[in-house]
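The values are calculated or read from the model by the stated rules, or taken from the named source; none is laboratory data. The model shown is predicted, which means the values in this text are computed figures rather than measured ones. Quick reminder, even Gly has a Cβ in these numbers, built from the backbone with ideal geometry, and neighbours come from all protein chains shown. Please note that ligands, DNA and RNA were not included when accessible areas were found on the heavy atoms of the full protein model with its side chains. Shrake-Rupley method; radii C 1.70, N 1.55, O 1.52, S 1.80 Å.
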Amino acid sequence: METRDKLIYERLLRLPLFQGMSQEGLTALVGHTKLEFVRHEAGALIYSEGSPCDAMTFLMGGRMTILSHADDHSYHVEESMTAPALLPPEYLFGLSQRYPHTYLAASPCDLLVLSKPEALRLLEGNSIFRTNLLNIISTRTQRLARRPWHPHPQTLRHKICRFLSDRCHHPAGEKMFHLKMQQIATAIGESRLNVSRELHRMAQEGLLVLYRGSIHVMAMEKLF
């Protein structure tokens with residue numbers, strides 16, 4: 001195997017949809033599939049919310065910022081995605097074939113872009129690629145199906161934490177919530193004063209930092 005092919009092979013094996021493939025199988029895939037490698041510099045817009053999702057996009061190197069907005073765009077959440085990762089593949093199919101979030105390059109980002117026709121061809125002809133995709137989509141579907149059956153939050157803190165985590169792409173890691181306390185209070189059926197007091201207690205415990213109009217959570221998983 002040539003040095004370039006070996007490098008591509010090693011990088012592809014780190015990506016979720018290619019894991020489990022043999023060297024021979026992946027070498028054949030690289031030779032017969034149109035793979036587009038794209039580099040974005042820090043600060044670049046990669047995809048905007050609502051833009052057509054007409055390709056599978058893999059983050060092979062670097063870090064992205066994901067912006068998720070409320071339907072009325074009255075508040076939004078910032079979080080990070082670090083390589084290796086796959087942008088939500090479920091939006092390549094189904095009712096809405098548009099990106100639900102905005103993706104920005106937080107650092108220089110190396111992407112692998114697989115057009116929809118190429119992805120469909122791989123799904124038809126490569127059982128490992130197909131199984132990996134089905135596992136990813138099925139896992140996400142099952143998690144969403146279980147969410148309504150989780151125990152209802154009993155304490156004010158749990159209500160606040162559930163509100164925040166439900167609006168995250170991934171319920172762990174660093175997050176920045178750009179919203180007002182009143183928006184949290186209205187959503188969870190509590191007074192703004194009580195929400196403010198609880199958030200300040202959480203800040204005193206080092207779980208988050210409060211700014212005017214935003215909340216910085218250093219590690220989402222530590223809130224629970």
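Among the residues in segment 44-56, are any surrounded by 15 or more Cβ atoms within 10 Å (Cβ to Cβ) and more than 23 Å from Ile137 (Cβ to Cβ)?
No, segment 44-56 contains no residue that is surrounded by 15 or more Cβ atoms within 10 Å (Cβ to Cβ) and more than 23 Å from Ile137 (Cβ to Cβ).
Which of the residues spanning segment 62-74 are touching a strand residue (DSSP E or B) at 6+ places or on another chain (Cβ under 6 Å) and either without any contact (Cβ under 8 Å) to a residue 60 or more places away in the chain or open to solvent by 30 Å² or more (accessible area, probe 1.4 Å) (or both)?
Gly62, Arg63, Met64, Thr65, Leu67, His69
Tally the residues that are open to solvent by 50 Å² or more (accessible area, probe 1.4 Å) and more than 15 Å from Lys159 (Cβ to Cβ), restricting the search to segment 183-205.
Counting residues in segment 183-205 that are open to solvent by 50 Å² or more (accessible area, probe 1.4 Å) and more than 15 Å from Lys159 (Cβ to Cβ) gives 3.
Looking for whichever is of a type outside the set (S, T, N, Q) and without any contact (Cβ under 8 Å) to a residue 24 or more places away in the chain here; the options are Arg146, Arg140. Which one fits?
Arg146
What residue, among those in segment 1-29 that are of a type in the set (A, V, I, L, M, F, W, C) and loosely packed, with under 14 Cβ neighbours inside 10 Å, is farthest from Leu112 (Cα to Cα)?
Going through the qualifying residues, I end up with Met1.
Looking at segment 93-111, which of the residues that are among the hydrophobic types (A, V, I, L, M, F, W, C) and at pLDDT 95 or above is most open to solvent (accessible area, probe 1.4 Å)?
Leu104
Mind checking which residues of segment 96-132 are polar (S, T, N, Q) and out of contact with any strand residue (DSSP E or B) (no Cβ under 9 Å at 6 or more places or on another chain)?
Ser96, Asn126, Ser127, Thr131, Asn132, listed by residue number.
So Ser127 ticks every box in (1) open to solvent by less than 70 Å² (accessible area, probe 1.4 Å); (2) more than 30 Å from Phe18 (Cβ to Cβ) but one. Which box is left unticked?
The one condition Ser127 does not meet is (2).
Does Lys222 count as open to solvent by 70 Å² or more (accessible area, probe 1.4 Å) and either over 19 Å from Met56 (Cβ atoms) or not in a helix (DSSP H, G or I) (or both)?
For Lys222, the condition - open to solvent by 70 Å² or more (accessible area, probe 1.4 Å) and either over 19 Å from Met56 (Cβ atoms) or not in a helix (DSSP H, G or I) (or both) - is met.
Regarding segment 144-151, can at least one residue be identified that is aliphatic (A, V, I, L, M), assigned to a helix (DSSP H, G or I) and either out of contact with any Phe, Trp or Tyr (no Cβ under 8 Å at 6 or more places or on another chain) or modelled with pLDDT of 95 or more (or both)?
There is at least one residue in segment 144-151 that is aliphatic (A, V, I, L, M), assigned to a helix (DSSP H, G or I) and either out of contact with any Phe, Trp or Tyr (no Cβ under 8 Å at 6 or more places or on another chain) or modelled with pLDDT of 95 or more (or both).
Considering only segment 30-41, state which residues are of a type outside the set (Phe, Trp, Tyr) and either in a strand (DSSP E or B) or surrounded by 13 or more Cβ atoms within 10 Å (Cβ to Cβ) (or both).
The answer is Val30, Thr33, Leu35, Glu36, Val38, Arg39, His40.
Yes or no, residue by residue, for (1) part of a strand (DSSP E or B); (2) of a type outside the set (A, V, I, L, M, F, W, C):
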| site | (1), (2) |
| --- | --- |
| Leu12 | no, no |
| Phe18 | no, no |
| Met60 | yes, no |
| His73 | no, yes |
| Val77 | yes, no |
| Tyr91 | no, yes |
